[in-house]
Structure formats: structure tokens, C-alpha cells
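Worksheet: the structure to be examined is printed underneath.
The values are calculated or read from the model by the stated rules, or taken from the named source; none is laboratory data. This is a predicted model, so every value here is computed, not measured. With ideal geometry, Cβ positions are generated from the backbone for all residues, glycine too; neighbour counts draw on all protein chains shown.
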Amino acid sequence: MTKQANTLYQEIRQKGYSRRDFMKFCSTMAAFIGIEAHGIGRVAHALETKPRPPVVWMHFQECTCCSESFIRSSHPIVADILLDNISLNYTETLQAASGHMAEKSLHDTITNHHGEYILLVEGSVPTGDQEYCCCIGGRSALDILKEVAEGAKAIIAWGSCASNGCVQAASPNPTSATPIHKIIKGKPIVKVPGCPPIGEVMAGVIVHVLTFDRLPELDSSGRPKAFYSRRIHDTCYRRPNYDAGLFVESFDDANAKKGYCLYKMGCRGPVTYNACGVTRWNNGVGFPIQAGHGCIGCSEANFWDNGPFYRHLASFPGFGIESTADKVGLVATGATAVAIAAHATLSTIRQRKNVQEKVDESKAEFEQN
């Protein structure tokens, strides 16, 4: 008789975490995936009662930064439990097994859990005449992906390599690197782009699938709306300086030290959708813009080919209808000047009215006497 797999909660308690730690984790994940406070109980119930789903994590053309980001999540339960007890059914990078034992684990998972396991893919896949640029055990990445994806319940494309090709697919794309959704058809696919994506974002997607047994709501690009519905520009703490026309003119100038907007230095925040400015990195204390470097738009398709990183965009929607950084300051200054002039004009009119009223009162008193 097959022993029923432990639930995530059972694994958490066996690892020495308290009930309080578990509920904190549920609250954090609920917030990340956009569930209101009254839905925390639903997350907790799902993780307490549902068996851990089998997961296969494949690696192809990538630098492993997605795995690095995930295991360095600021929440200990993410690193110690989600990765240790869910993802290690098979993953070339972090599994303890190797050689034939590792391949047996992969074979057993895709055979015994056909239609049940979640496939996580990190990296792009070479195609066409360049199919054999990425081989594992003598087999091409394309061949392996098709085999493993066939029995997957759902596929999550980790990072920009798997979501849109990233640097491997940049011109001239010598390996014909291709993102997962252009190869696998007929399967639900979630894109979690970023180079790398934030660890808590990755964990949030997994928890959503665990809780609701379905994929999160996606935007038109196939990304979870909970994390990719707002521009970095809209949640950036430097945004007020942009609106005021205050910009960094060169790295490490006096304006940079004051925290002015980095748009003129090439920041792609106004055209990039991600949770960097909200969730942030390193236990939620910072993200690239906070460190003084503009956003390079790594969660957007073709970001490597979208022009030099240190040249600002010609224009973008955001200030009024359409503006450029060079005009924003002038518009802001002009608006201020107009407001000052209007205030001065109104003040003059009021003063003249008051004077006239005083004159009329004095004249009336004189005529009465």
C-alpha cells in the first residue's frame, strides 16, 4: 500500500517550525498573491490538508540565477520547505542524487504522476539546426523538454530565459534560443520573467497553485497579474522627483546622492512591469533603482535588444498624455510659474477690490455728514 505523501504543513512542523511561523508564512504568501486578509485561512487550510505536488525543475540555457534567487528568499520556509520538499523530485542543480539515480527519479516522477506533476523550466531551448547546442546525457534540450512537458499538469517558465529567450535570444541569436511557450502547445503555461525573478514572487506562484489548484490570473503576456500588473515607475520611491522634473544627470552626481529620478540615465521603469519596487530584494530592503542603478527592463521581452541600457527612452506615457524627461521639468516649472502668476493676479484684484470698497465707504460717510 502506497504511503500518502505528507502535507506541506506536516513537513514544516517536522522541520521544527512553529504554528506561528506557519501562519506568518501563510499571511506573507496571501499578501504576495493578492489575497485579502479573510483569505489567509484558505491558504492555511490548503497547505494543511493537500499533499505536496510532485515537481520537476528542468535547466536548459541559463545561468541558474533563478534557482539562486529562489533559495535566497528572505522567508526561511520558502528556502527550507518549498524547495527542499517540493522541488527536489528532480532538478539538475540542487538534487542530492546524480547519474542513474537522478534519472530514475525523473523517470519515476513523469511515469507514476502523469498528469499530476508541475513542470518548472529555467532557461531557453536551442532549436532548428542548433538543437544540439544544449545537450544533457547525450540528448538535446528540445527532446527532453517535449518528453517531460507531455505529462505535466502545468508549466511555470522561471525567469526571462524561459519566458522570452533573454540574452541567449538576443540578436543574432546564434543558438536559435526559443522560450518555452513557443515550443510547448496545449499546456497551461505561466511566465515569471525577470533576470532573475524575485524569490518571493516565485514562491507566491507555487503557493497559488497549491491553494487554488489552478494557475493565477494572467495578463496578456501570460504573467501573473498579482506581480506584473503595475509598472516599476508607478511604485518607485523616486517617482515624486520625476513628477517634479528632478533628474540625475550623471552617475554619482549631486542629484544622484539626493535620490533624484534615474530616467535620464536610461531607467526602463516607465515601460517595465514587475514587483521590484513593492516586494523588493534581500529581505525586502532594496532593489536596483534603490541601489542607484536604473531598471534595465529585464522582465520585458527583447530587453537586450531594446536599445542601450544607458540611453533614456524618447518618450512614454505618464506625465500628462505624452512627455519626455527633457520636457517634464519645463512643464512642471511652467505650471508653477502659471500658478504663481495666477495667484499674483488674483491677489492684485482682491487688493483693488478692497481699496475700492474702502473708498466707497469713506465717500458715503462724507456725503452723509
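For the stretch 95-106, the criterion of being closer than 13 Å to residue 58 by Cβ and in contact (Cβ under 8 Å) with a residue 40 or more places away in the chain is satisfied by at least one residue.
Of the numbered criteria (1) at negative phi; (2) in contact with a Gly (Cβ under 8 Å, 6 or more places away or on another chain); (3) at pLDDT below 90; (4) not aliphatic (A, V, I, L, M), the one residue 280 fails is (1).
Applying a threshold of 6 Å to beta carbon distances and a minimum spacing of six or more residues, or different chains, the list of pairs starting in the stretch 238-253 at a residue that is of a type in the set (A, V, I, L, M) and ending at one that is not in a loop (DSSP other than H, G, I, E, B) reads 244/332; 248/255; 248/256; 248/265.
Quick check, is residue 157 crowded, with 24+ Cβ neighbours inside 10 Å, among the aliphatic types (A, V, I, L, M), closer than 26 Å to residue 63 by Cβ and within 14 Å of the chain's Cα centre (by Cα)?
yes
Across the stretch 169-196, the qualifying residues are those that are surrounded by fewer than 22 Cβ atoms within 10 Å (Cβ to Cβ) and among the basic types (Lys, Arg), and the one among them that is nearest to residue 295 (Cα to Cα) is 182.
So that you can scan it fast, the table gives a plain yes or no per residue for (1) part of a loop (DSSP other than H, G, I, E, B); (2) at pLDDT 85 or above; (3) surrounded by 17 or more Cβ atoms within 10 Å (Cβ to Cβ); (4) of a type in the set (Asp, Glu):
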site: 28; (1), (2), (3), (4): no, no, yes, no
site: 35; (1), (2), (3), (4): yes, no, yes, no
site: 47; (1), (2), (3), (4): no, no, yes, no
site: 104; (1), (2), (3), (4): no, yes, no, no
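Filtering the stretch 201-229 to residues that are farther than 22 Å from residue 165 by Cα and among the charged types (D, E, K, R) leaves 213, 214, 217. Give the residues of the stretch 132-149 that are assigned to a helix (DSSP H, G or I) and either small (Gly, Ala, Ser) or free of Cβ contacts under 8 Å to residues at least 40 places away in the same chain (or both), sorted by residue number. Within the stretch 132-149, 132, 141, 143, 146, 147, 149 qualify.
Listed by first and then second residue, the pairs with beta-carbon distance under 7 Å, at least 6 apart or on different chains, first residue in the stretch 19-38 and more than 18 Å from residue 199 (Cβ to Cβ), second modelled with pLDDT under 85, are 22/9; 22/12; 35/43. There is at least one residue in the stretch 173-187 that is in a helix (DSSP H, G or I), out of contact with any Pro (no Cβ under 9 Å at 6 or more places or on another chain) and among the hydrophobic types (A, V, I, L, M, F, W, C). Of the set (1) surrounded by 15 or more Cβ atoms within 10 Å (Cβ to Cβ); (2) more than 30 Å from residue 50 (Cβ to Cβ), all apply to residue 243 but (1).
Test residue 199 against the stated conditions and say whether it is touching a residue at least 40 places away in the same chain (Cβ under 8 Å) and either touching a helix residue (DSSP H, G or I) at 6+ places or on another chain (Cβ under 9 Å) or surrounded by fewer than 19 Cβ atoms within 10 Å (Cβ to Cβ) (or both). In short, yes. Every listed requirement among (1) surrounded by 14 or more Cβ atoms within 10 Å (Cβ to Cβ); (2) at pLDDT below 85; (3) under 21 Å from the mean Cα position of the chain (by Cα); (4) of a type in the set (Asp, Glu) is met by residue 11 save one, (3). Among the criteria (1) in a loop (DSSP other than H, G, I, E, B); (2) under 24 Å from residue 164 (Cα atoms), the one residue 270 does not fulfil is (1).
Before we move on, is residue 46 within 24 Å of residue 6 (Cβ to Cβ) and in contact (Cβ under 8 Å) with a residue 60 or more places away in the chain? Judged against the criteria, residue 46 is a match.
Checked against (1) assigned to a helix (DSSP H, G or I); (2) more than 29 Å from residue 198 (Cβ to Cβ), residue 160 meets all criteria but (2).
For the stretch 30-73, the set of residues classified as within 18 Å of the chain's Cα centre (by Cα), aromatic (Phe, Trp, Tyr) and farther than 22 Å from residue 20 by Cα consists of 70 only. Looking across the stretch 226-256, the residues that are in a loop (DSSP other than H, G, I, E, B) and among the charged types (D, E, K, R) come down to 230, 238, 249, 252, 253.
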